[in-house]
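*Asks:* Have a look at this one before I ask anything.
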Amino acid sequence: MAQSRFDHIDGKPDEDQVCEWADQFFFSLLNTLNSFFAQVEFKNAGERLKAVPFDKLVLEQLSTESDEVKEIAISRVKELLDNEVEFLNAYSQ
């Protein structure tokens with residue numbers, strides 16, 4: 001396995017560092033997707049956003065990382081996605 005981009009503490013990936021990466025990754029993608037979602041009715045934006053395969057995109061970016069790193073990152077991205085969809089749904093009502 002290749003050298004990890006994340007620090008490890010006592011053999012475990014630095015969860016804060018992985019979550020920070022996931023935050024940056026998610027919001028970078030969200031900024032890119034905003035131009036596409038500008039063409040969608042606001043009330044449909046949450047559903048469209050949920051259709052984006054964020055987990056697969058994370059796995060592509062972290063293909064050389066351990067399963068534990070991948071799980072932490074996917075979990076964080078899903079949390080951010082859920083929060084964003086919840087916000088969009090609340091705002092559109």
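*Asks:* Has segment 49-61 got at least one residue that is among the polar types (S, T, N, Q) and modelled with pLDDT of 90 or more?
*Replies:* yes
*Asks:* How many of the residues making up segment 32-63 are in contact with a Lys or Arg (Cβ under 8 Å, 6 or more places away or on another chain), within 28 Å of Q93 (Cα to Cα) and among the aliphatic types (A, V, I, L, M)?
*Replies:* Residues meeting the conditions: 1.
*Asks:* What pairs come up if the first residue lies in segment 68-93 and is in contact (Cβ under 8 Å) with a residue 40 or more places away in the chain, the second is surrounded by fewer than 18 Cβ atoms within 10 Å (Cβ to Cβ) and among the basic types (K, R), and their beta carbons are under 8 Å apart, counting only those six or more places apart or on different chains?
*Replies:* E68/K12; L81/K50; S92/K43
*Asks:* Using beta carbons and a limit of 6 Å, which pairs, at least six apart or on different chains, have the first residue in segment 51-67 and within 16 Å of L30 (Cβ to Cβ) and the second one surrounded by 15 or more Cβ atoms within 10 Å (Cβ to Cβ)?
*Replies:* Short answer, once both residue conditions are applied: F54/V77; F54/L81; D55/I74; V58/A73; V58/I74; V58/V77.
*Asks:* Pick out the one residue from L49, L57 that is assigned to a helix (DSSP H, G or I) and out of contact with any Asp or Glu (no Cβ under 7 Å at 6 or more places or on another chain). Full working, then the answer.
*Replies:* Working: L49 fails: out of contact with any Asp or Glu (no Cβ under 7 Å at 6 or more places or on another chain).
The unique qualifying residue is L57.
*Asks:* Could you pull out the residue among F36, F26 that is within 15 Å of L80 (Cβ to Cβ), assigned to a helix (DSSP H, G or I) and either in contact with a Pro (Cβ under 9 Å, 6 or more places away or on another chain) or not basic (K, R) (or both)?
*Replies:* Matching residue, one of F36, F26: F26.
*Asks:* Shifting gears a bit: Out of segment 1-16, which residues are surrounded by 10 or more Cβ atoms within 10 Å (Cβ to Cβ) and either under 14 Å from the mean Cα position of the chain (by Cα) or part of a loop (DSSP other than H, G, I, E, B) (or both)?
*Replies:* Within segment 1-16, S4, R5, F6, D7, D14 qualify.
*Asks:* Could you run through segment 60-72 and say how many residues are part of a loop (DSSP other than H, G, I, E, B), of a type in the set (S, T, N, Q) and out of contact with any Ser or Thr (no Cβ under 9 Å at 6 or more places or on another chain)? Write out each step before concluding.
*Replies:* First pass over segment 60-72, keeping only residues part of a loop (DSSP other than H, G, I, E, B): 62-66.
Checking which are of a type in the set (S, T, N, Q) leaves us with 63-64, 66.
The next check asks that each one be out of contact with any Ser or Thr (no Cβ under 9 Å at 6 or more places or on another chain); those that pass are 63.
The total comes to 1.
The values are calculated or read from the model by the stated rules, or taken from the named source; none is laboratory data. Model, not experiment: these values are computed from the prediction. Glycine also receives a Cβ, built like all others from the backbone with ideal geometry; neighbour counts cover every protein chain displayed.
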